[in-house]
Amino acid sequence: MKNKKKIYTLGPKGSFHHLSCVEYLGGQQEIEFCESFAGVFEAVRAGHLGWIALYNSLAGIVENHEAEIEKNFTLLDEMDYEVKLCICSTPESKLKDLIKLYSHEKAFGESKRFTAEKLPKAELVKCPSTSHAAQKVAQEKEKNTAAICHAETAKFYGLDILANIPNKRKNETSFGLFAG
């Protein structure tokens, strides 16, 4: 990509927004993180580029911000990114012993069959994103807790992958690059 403007997306490091943006750009350069879609929109209004999820093949519209983009911004490009989820935790944890799972509500929905079968008694705790969940598990090191996130996210936070969650159907999220 030849444009030297920074790209703003949702964080923290290891979010699906971050991972897809790195793939789109071919590297980590010029990515800044925001805590909300509103923060990304504000950065775009200030002259930067934005990168946000638009649609997931299993869960539908990611957030209802399509009207905002159509009214105030120009969609420059789109890319589909395959969503691969795993359960990760600190090195001493075992899948069979987990009592609490942290993740984003969409990831819980996308992994419902797997968690119902393998971890039916685990408490599901919602987080702002899958990367927030991994970050929380890594920082707090609570016994018998794990995060549902991408395998690359687990690596960012030094977590072990306890299980990969198989996709029964194609699971992709469409991300869009937009400008003011």
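The values are calculated or read from the model by the stated rules, or taken from the named source; none is laboratory data. Since we're looking at a predicted model, the values are computed, not measured. Don't worry about glycine lacking a Cβ; one is built from the backbone with ideal geometry, like all the others, and counts go over all protein chains shown. Side chains included, ligands, DNA and RNA excluded: accessible areas come from the protein's heavy atoms. Shrake-Rupley method; radii C 1.70, N 1.55, O 1.52, S 1.80 Å.
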Inset, instruction - Identify all residues within the range 38-84 that are at pLDDT 90 or above and either assigned to a helix (DSSP H, G or I) or of a type in the set (Lys, Arg) (or both); write none if there are none. - result: 38, 39, 40, 41, 42, 43, 44, 45, 84
Inset, instruction - Just need a number here: residues in the range 103-131 that are closer than 19 Å to residue 168 by Cα and not in a loop (DSSP other than H, G, I, E, B). - result: 13
Inset, instruction - Tell me, please, whether a residue that is in contact with a His (Cβ under 8 Å, 6 or more places away or on another chain) and not aliphatic (A, V, I, L, M) can be found in the range 56-69. - result: no
Inset, instruction - Return the total of residues in the range 138-154 being under 15 Å from residue 95 (Cα atoms) and among the polar types (S, T, N, Q). - result: 2
Inset, instruction - Go through the range 144-161 residue by residue and tally those that are hydrophobic (A, V, I, L, M, F, W, C), modelled with pLDDT of 95 or more and buried (at least 19 other Cβ atoms within 10 Å of the Cβ). - result: 6
Inset, instruction - Working carefully through the options 138, 147, 116, find the one that is small (Gly, Ala, Ser) and more than 17 Å from the chain's Cα centre (by Cα). - result: 116
Legend entry - Members of the range 89-108 that are under 14 Å from the mean Cα position of the chain (by Cα) and open to solvent by 20 Å² or more (accessible area, probe 1.4 Å): 104, 105, 106, 108
Inset, instruction - May I ask you to verify whether residue 111 is more than 13 Å from residue 14 (Cα to Cα), open to solvent by less than 70 Å² (accessible area, probe 1.4 Å) and of a type in the set (Gly, Ala, Ser)? - result: yes
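Can you give me the number of residues within the range 85-102 that are in a strand (DSSP E or B) and of a type in the set (A, V, I, L, M)?
Of the residues in that region, 3 qualify.
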